[in-house]
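Please read the structure below before turning to the comments.
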Amino acid sequence: AQSVTQPDIHITVSEGASLELRCNYSYGATPYLFWYVQSPGQGLQLLLKYFSGDTLVQGIKGFEAEFKRSQSSFNLRKPSVHWSDAAEYFCGISSGSARQLTFGSGTQLTVLP
Amino acid sequence: DAGITQSPRYKITETGRQVTLMCHQTWSHSYMFWYRQDLGHGLRLIYYSAAADITDKGEVPDGYVVSRSKTENFPLTLESATRSQTSVYFCASSDVGGSYEQYFGPGTRLTVT
């Protein structure tokens with residue numbers, strides 16, 4: 001069975017600082033990987049996705065993520081965080097023909113002024 | 001309005017009552033999903049549907065019933081609500097093809113008293 005681990009429940013960074021959110025997955029083959037963001041009281045919005053090819057993927061809002069097969073990781077990064085980035089971030093994995101997504105438990109990001 | 005909508009957005013019900021959460025999408029996506037979001041668990045899949053009249057269980061289906069008579073609608077019914085079903089419920093949809101991206105509704109906050 002596939003699984004996703006987000007080791008950091010809560011991360012606090014200062015505005016303008018760099019950010020890295022960790023995501024590790026467990027799956028026998030190369031999965032489809034996603035990062036979603038959830039603002040308070042909102043649904044989930046897709047930030048970026050990886051299917052194949054270039055292991056560094058660019059997303060919206062200045063985010064990027066790197067797929068590392070050897071580490072089973074798909075970490076999300078942003079060089080300079082803005083106050084509006086404060087939200088909860090979910091890493092997800094999909095592998096089956098049914099397109100089911102398995103999510104990690106999420107990382108809550110707080111941005112200090 | 002185009003997109004994916006959920007109703008009601010907020011619902012309070014009593015233990016033992018039946019309640020139905022509605023999900024409607026205007027894209028004619030083949031796949032639809034129901035998730036519940038609980039603190040510390042991220043989002044967990046309840047049921048999904050690959051097409052009209054085709055549904056299947058996800059990770060946490062007990063106590064829930066779904067139907068999909070039309071492509072655009074995917075209602076979720078709690079046949080006899082319990083306090084453990086207090087949660088935020090998200091509906092999502094996905095199209096056929098290579099994307100695997102899921103589009104999420106705004107969520108329904110359900111409280112069972």
Long-range alpha-carbon pairs in chain A, meaning those over 24 Å apart, account in percent for 19
Given 37 °C, 0.692 mPa s and a Kirkwood radius over Cα pairs, the Stokes-Einstein diffusion coefficient of chain B in µm²/s is 235
Whole-percent carbon and sulfur contribution to the accessible surface of region A:3-112 (1.4 Å, no ligands, DNA or RNA) stands at 48
Counting only DSSP loop positions in region B:45-113, the trypsin sites (Lys or Arg not before Pro) whose Cβ has at most 11 other Cβ atoms within 10 Å are B:Lys70
So the B/A interface buries, both sides summed and with a 1.4 Å probe, an accessible area in Å² (nearest 100) of 1800
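Given a 1.4 Å probe, how much area per residue of chain B is accessible, in Å²?
Values: 5400 Å² over 113 residues.
The answer is 48 Å² per residue.
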Scalar couplings 3J(HN,Hα) for region A:55-64 by Karplus 6.51 cos²θ - 1.76 cosθ + 1.60 (θ = phi - 60°), nearest whole Hz, x for Gly and Pro, are 7, 9, 10, 9, x, 7, 6, x, 8, 9
Averaged over residues of B:80-93, the number of beta carbons from other chains lying within 10 Å of each residue's Cβ is 1
Rounded to whole angstrom, the alpha-carbon centroid of region A:2-34 lies from that of region A:36-113 at a distance of 7
Heavy-atom accessible area of region B:4-112 with neighbours in place, 1.4 angstrom probe: carbon+sulfur share in percent works out to 47
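Provide the net charge surrounding A:Tyr32, with neighbours chosen by a C-beta distance below 13 Å and charges set as Lys +1, Arg +1, Asp -1, Glu -1.
Values: positive: A:Lys49, A:Arg99; negative: B:Glu101.
Residues close to A:Tyr32 contribute a combined charge of +1.
Taking GluC sites (Glu not before Pro) as exposed when DSSP calls them loop (any state but H, G, I, E, B) and at most 12 other Cβ atoms lie within 10 Å, what is the longest stretch of chain B free of them, the sites themselves excluded?
Working: sites that count: B:Glu14, B:Glu79.
By the stated rule (loop sites, at most 12 other Cβ atoms within 10 Å), B:15-78.
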Highest GNM mean-square fluctuation among B:Thr71, B:Thr86, B:Thr26, for chain B with Cα springs under 10 Å, belongs to B:Thr26
Straight-line reach check, A:Lys49, cutoff 28 Å on alpha carbons, 8 or more apart in-chain or any other chain, hits among lysines -> A:Lys61, A:Lys68, A:Lys78, B:Lys57
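Do any chymotrypsin sites (Phe, Trp or Tyr not before Pro) in region A:23-113 lie in a DSSP loop with no more than 16 other beta carbon atoms within 10 Å, and if so, which?
Working: sites: A:Tyr25, A:Tyr27, A:Tyr32, A:Phe34, A:Trp35, A:Tyr36, A:Tyr50, A:Phe51, A:Phe63, A:Phe67, A:Phe74, A:Trp83, A:Tyr89, A:Phe90, A:Phe103; in loops: A:Tyr27, A:Phe51, A:Phe63.
Hits after loop and neighbour filter: A:Phe51.
The values are calculated or read from the model by the stated rules, or taken from the named source; none is laboratory data. Bear in mind that the values here come from a model prediction, so they are computed numbers and not experimental data. With ideal geometry, Cβ positions are generated from the backbone for all residues, glycine too; neighbour counts draw on all protein chains shown. All accessible areas refer to the heavy atoms of the entire protein, side chains included, with ligands and DNA or RNA removed. Shrake-Rupley method; radii C 1.70, N 1.55, O 1.52, S 1.80 Å.
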